[in-house]
1. Could you please rank Y99, Y83, placing first whichever residue has the fewest other Cβ atoms within 10 Å of its Cβ?
2. Mind checking which of A33, A60, G21 is farthest towards the positive end of the chain's charge dipole, using Cβ charges of +1 (Lys, Arg) and -1 (Asp, Glu) about the Cα centre?
3. Run the Debye formula on the Cα coordinates of region 4-104, all scatterers equal and no solvent, and tell me log10 I(q)/I(0) at q = 0.09, 0.19 1/Å.
4. What is the chain's relative contact order, in percent, from Cα pairs under 8 angstrom and six or more apart in sequence?
5. In debye, nearest 20, what is the charge dipole magnitude of the chain about its Cα centre with +1 on Lys and Arg Cβ and -1 on Asp and Glu Cβ, if you could check?
Amino acid sequence: MPDVFDIALGSLYADPNLGYGGVYTPDGGAPQAVRVLWAQPDKDYSFPNGGGVTARATVARIRVAELAAAAKGDVLVVDGASYLVEKPTRPTKRRREWYLELSPL
């Protein structure tokens, strides 16, 4: 029996207003098609002198079912824009999604 949370996530990724088609290319590997959900959370950076700055981060979410492994240095292309994977993490308890912190190429 399918997991209700996997079904819900599948609906989000399939929604044309939320999910985007992309191509994920591991460093030295073959490109593969993936569905992507975007997030742009604020990220705080602190300086030793007590100062700091808040900047917008670019985060892509990709289902683990579509992407078995992600690593720093891989490339994600969405809508013609290329991004370098800076920090891949899978923080969800059930390991359903990759969270990829990206920087534009």
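1. Ascending Cβ contact count within 10 Å gives the list Y99, Y83.
2. The residue sitting most towards the positive pole is A60.
3. Log10 I(q)/I(0), no solvent term: -0.24, -0.93.
4. 22
5. Around 260 debye, computed over the chain.
Values in this text are rule-based calculations from the coordinates and carry no lab data. Everything quoted here is computed from the prediction, not taken from an experiment. Cβ: placed from backbone, ideal geometry, glycine included. Neighbour counts: every protein chain shown.
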